[in-house]
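Taking it in order: structure first as structure tokens, then the write-up.
The values are calculated or read from the model by the stated rules, or taken from the named source; none is laboratory data. What you see is a predicted model, and the numbers here were worked out from it, not measured in a lab. Here Cβ is always computed from backbone atoms with ideal geometry, including for glycine, and neighbour counts include all displayed protein chains. For accessibility, only protein heavy atoms count, side chains too; no ligands or nucleic acids. Shrake-Rupley method; radii C 1.70, N 1.55, O 1.52, S 1.80 Å.
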Amino acid sequence: MAKVPVQFTLNGSEKAEFIDSGTTLLNALRDKIGDTSPKGGCHQGTCGACSVIIDGELRLSCLTLAETCDGAAITTTLGLAEGGVMHPLQRAFLDTFATQCGFCTPGMIMAAKVLLDHTPNPSRDEVIEALSGNICRCTGYEPIIQAVLRAARANSQNAA
Amino acid sequence: MALALHTFATVKDANAALKAAGTRYLGGGTLVIRAANEGDVSVSGLIRSIDPALSAIAIAGGKVSIGASVTMAAIARHPELGILAKAARAVGGPAVRNMATVGGNLFAPAPYGDFAVALLALDAMVGTDDGELPIETFLAGRDGSRAIVTSVSFTPPKADGFRFLKVSRVKPKGVSVLSIAAVLGQAADGTVSSARIALGCMADRPMRAKTAEKALLGRSLTKDGIAPALAAAGEGTSPITDPIATAWYRNEVLPVHLGRLLLS
Ligand SMILES: Cc1cc2nc3c(=O)[nH]c(=O)nc-3n(C[C@H](O)[C@H](O)[C@H](O)COP(=O)(O)OP(=O)(O)OC[C@H]3O[C@@H](n4cnc5c(N)ncnc54)[C@H](O)[C@@H]3O)c2cc1C
Ligand code: FES
Ligand code: FES
């Protein structure tokens, strides 16, 4: 099958690849580019483990064709830490034991990041709604909700 | 995956490409790519058009027109589409809503198609390059339809004239047990002067509850007034059975939820 060129920025750096037409963004990121932070849980849109941020919006990379991302800005959990310092969300997930097996965590963090980018001080209900497309089989969700609320508080304290 | 994507600037060229065997239109991909990931090899070519008109929302002269590529998230946050926000937010979780399009929802089989239920109650027109069709005619013939849907349009009712309800077991997001949309007109004395009621999950695609609509005319929206409509709600339905609910269960709870919607 003919290869097609695709170019986008991933966590701020330019990527240009030749991929098979019809490749999902999830497979392109994991198998071609080597960013394994988005996880393939179901490949059906139901688990949210593959969530990434495309041009500021939460998307499911398992249901997105890489070619449709030409020119886009993509963020994954791999790109969040800066200079070896974890992002406040990553820190909060560790501190509140919001991650057990960790498989859902990158998707949860992406969903939470989009929420906090638009709504820096969300209510508990807003957090639950923002995470509603992401499934966790380990934690029972409460520690994840607490982590997002704690990261929001940490952010607003930093801003104050 | 032996799947190739072909992108066209115009709907006309994309329609021409869809004439080839093994092709399918790609909207947001939440159903099409999902099917490919599950091993559906019947599709080898995905066709899409990036004509900006497909992503436009126009509100003018008392009419709303929504491009087929507009997403549920874009509708939910549009300041002038408040009446549709609830139905748009009923579709999937945040990431699905950022991808799921209006055009795709018109083709989504039950238990999906919640937004199309709202459009059916609103008596929307479905546009293609060949002209417009009433949504009821469109839904009846959608299995054989190959033409790209370009837009849906409708005349919005008064804000309090439109009601929508989705029933699911998982909160805040879950697949429908059923969904109901209603457009009701009321006379000065409060009795119902016109009614369009659309049901989701009560057949393989959104359907009208026509007997219930007739039974509402001239009645007041009280427990006694709506009783005949509730008794007739299940007429003509043939609900799906899936892991969410059996057909029997859906028929049993339909009058309960229709009652709640009408009295709300
Ligand atoms: C996890 C998950 C949860 C979901 N929850 C819901 C839910 O709660 N409610 C609900 O209603 N749906 C739900 N869906 C189903 C789906 O996301 C929506 O129905 C959505 O609106 C489909 O649109 P799409 O653009 O993604 O369709 P696509 O997958 O792109 O296309 C679906 C079908 O429509 C055809 N098509 C798409 N656009 C056009 C067009 N413009 N012209 C002609 N044909 C076209 C395609 O060829 C294909 O056959 C869910 C899906 C997932 C994965
Ligand atoms: S892998 Fe994409 S939603 Fe599960
Ligand atoms: S930590 Fe294991 S699935 Fe969430």
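Out of the stretch A:53-76, which residues are facing chain B (nearest Cβ under 9 Å) and outside any loop (DSSP other than H, G, I, E, B)?
Hits for the stretch A:53-76 are A:I54, A:E57, A:L58, A:R59, A:L60, A:C62, A:L63, A:L65, A:E67, A:T68.
Considering (1) farther than 21 Å from B:V175 by Cα; (2) touching a helix residue (DSSP H, G or I) at 6+ places or on another chain (Cβ under 9 Å); (3) surrounded by fewer than 22 Cβ atoms within 10 Å (Cβ to Cβ), say which one A:E142 fails and leave the rest.
(2)
Kindly indicate which of A:N155, A:N134, A:N121 is in contact (Cβ under 8 Å) with a residue 40 or more places away in the chain and outside any helix (DSSP H, G or I).
Going through A:N155, A:N134, A:N121 in turn, the sole match is A:N134.
Could you look through the stretch B:1-46, keep only residues that are hydroxyl-bearing (S, T, Y) and assigned to a loop (DSSP other than H, G, I, E, B), and pick out the one that is farthest from the other protein chains (Cβ to nearest Cβ)?
Step by step, filter the stretch B:1-46, then rank; the result is B:T10.
Test A:A147 against the stated conditions and say whether it is within 14 Å of chain B (Cβ to nearest Cβ), more than 16 Å from ligand 1 (Cβ to nearest atom) and crowded, with 24+ Cβ neighbours inside 10 Å.
It is false that A:A147 is within 14 Å of chain B (Cβ to nearest Cβ), more than 16 Å from ligand 1 (Cβ to nearest atom) and crowded, with 24+ Cβ neighbours inside 10 Å.
With (1) buried (at least 21 other Cβ atoms within 10 Å of the Cβ); (2) in contact with a Leu (Cβ under 8 Å, 6 or more places away or on another chain); (3) within 14 Å of chain A (Cβ to nearest Cβ) as the list, and B:L120 as the residue in question, which single condition is left unmet?
Going through (1) buried (at least 21 other Cβ atoms within 10 Å of the Cβ); (2) in contact with a Leu (Cβ under 8 Å, 6 or more places away or on another chain); (3) within 14 Å of chain A (Cβ to nearest Cβ) one by one, B:L120 breaks only (3).
Could you check the stretch B:209-220 and list, in sequence order, the residues that are surrounded by fewer than 16 Cβ atoms within 10 Å (Cβ to Cβ) and closer than 22 Å to B:S179 by Cβ?
B:K210, B:K214 - these are the residues of the stretch B:209-220 that are surrounded by fewer than 16 Cβ atoms within 10 Å (Cβ to Cβ) and closer than 22 Å to B:S179 by Cβ.
Conditions tested, residue by residue: (1) near ligand 1 (Cβ under 7 Å from one of its atoms); (2) closer than 23 Å to B:S49 by Cβ.
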{"site": "B:A73", "(1), (2)": "no, yes"}
{"site": "B:E80", "(1), (2)": "no, no"}
{"site": "B:L84", "(1), (2)": "no, no"}
{"site": "B:V91", "(1), (2)": "yes, yes"}
{"site": "B:A100", "(1), (2)": "yes, yes"}
{"site": "B:G104", "(1), (2)": "yes, yes"}
{"site": "B:F107", "(1), (2)": "yes, yes"}
{"site": "B:D114", "(1), (2)": "yes, no"}
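Within the stretch A:81-110, which residues are over 26 Å from A:G22 (Cβ atoms), in contact (Cβ under 8 Å) with a residue 60 or more places away in the chain and in contact with a helix residue (DSSP H, G or I) (Cβ under 6 Å, 6 or more places away or on another chain)?
A:P88, A:L89, A:A92, A:M108, listed by residue number.
Go through the stretch A:18-52 and report how many residues are more than 10 Å from every other protein chain (Cβ to nearest Cβ), farther than 16 Å from A:G102 by Cα and open to solvent by 10 Å² or more (accessible area, probe 1.4 Å).
6
Which of (1) open to solvent by 10 Å² or more (accessible area, probe 1.4 Å); (2) more than 24 Å from A:Q146 (Cβ to Cβ) does A:K113 not meet, given it meets every other one?
A:K113 satisfies all of (1) open to solvent by 10 Å² or more (accessible area, probe 1.4 Å); (2) more than 24 Å from A:Q146 (Cβ to Cβ) except (2).
How about the stretch B:175-198: which of its residues are within 16 Å of ligand 1 (Cβ to nearest atom) and under 13 Å from the mean Cα position of the chain (by Cα)?
Result: B:S176, B:L178, B:S179, B:I180, B:A181, B:A198.
Considering each residue of the stretch B:241-257, count those that are over 15 Å from B:I180 (Cα atoms) and open to solvent by 20 Å² or more (accessible area, probe 1.4 Å), and give that number.
Result for the stretch B:241-257: 8.
Residues checked against (1) away from ligand 2 (no atom under 14 Å from the Cβ); (2) open to solvent by 20 Å² or more (accessible area, probe 1.4 Å); (3) touching a Cys at 6+ places or on another chain (Cβ under 9 Å):
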{"position": "A:C62", "(1), (2), (3)": "no, no, yes"}
{"position": "A:G71", "(1), (2), (3)": "yes, yes, no"}
{"position": "A:T76", "(1), (2), (3)": "no, no, no"}
{"position": "A:A81", "(1), (2), (3)": "yes, yes, no"}
{"position": "A:T96", "(1), (2), (3)": "yes, yes, no"}
{"position": "A:P106", "(1), (2), (3)": "no, no, yes"}
{"position": "A:T119", "(1), (2), (3)": "yes, yes, no"}
{"position": "A:C138", "(1), (2), (3)": "yes, yes, yes"}
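What tally of residues in the stretch A:15-36 results from selecting those that are part of a strand (DSSP E or B) and either within 20 Å of A:S51 (Cα to Cα) or within 16 Å of ligand 2 (Cβ to nearest atom) (or both)?
Final tally of qualifying residues: 2.
Within the stretch A:46-66, which residues are in contact with a Gly (Cβ under 6 Å, 6 or more places away or on another chain) and within 9 Å of ligand 1 (Cβ to nearest atom)?
A:C47, A:G48, A:L60, A:L63
Regarding B:I75, is this residue open to solvent by 30 Å² or more (accessible area, probe 1.4 Å) and among the β-branched types (V, I, T)?
no
Can you give me the number of residues within the stretch B:216-264 that are assigned to a helix (DSSP H, G or I) and either closer than 28 Å to B:P109 by Cα or hydroxyl-bearing (S, T, Y) (or both)?
Matching residues across the stretch B:216-264 total 20.
Can you give me the number of residues within the stretch B:78-92 that are among the aliphatic types (A, V, I, L, M) and either more than 13 Å from B:A118 (Cβ to Cβ) or open to solvent by 50 Å² or more (accessible area, probe 1.4 Å) (or both)?
Total satisfying the criteria: 0.
Looking at the stretch B:93-109 only, could you name the residues that are away from ligand 2 (no atom under 16 Å from the Cβ) and open to solvent by less than 20 Å² (accessible area, probe 1.4 Å)?
B:T101, B:V102, B:G103, B:N105, B:L106, B:A108
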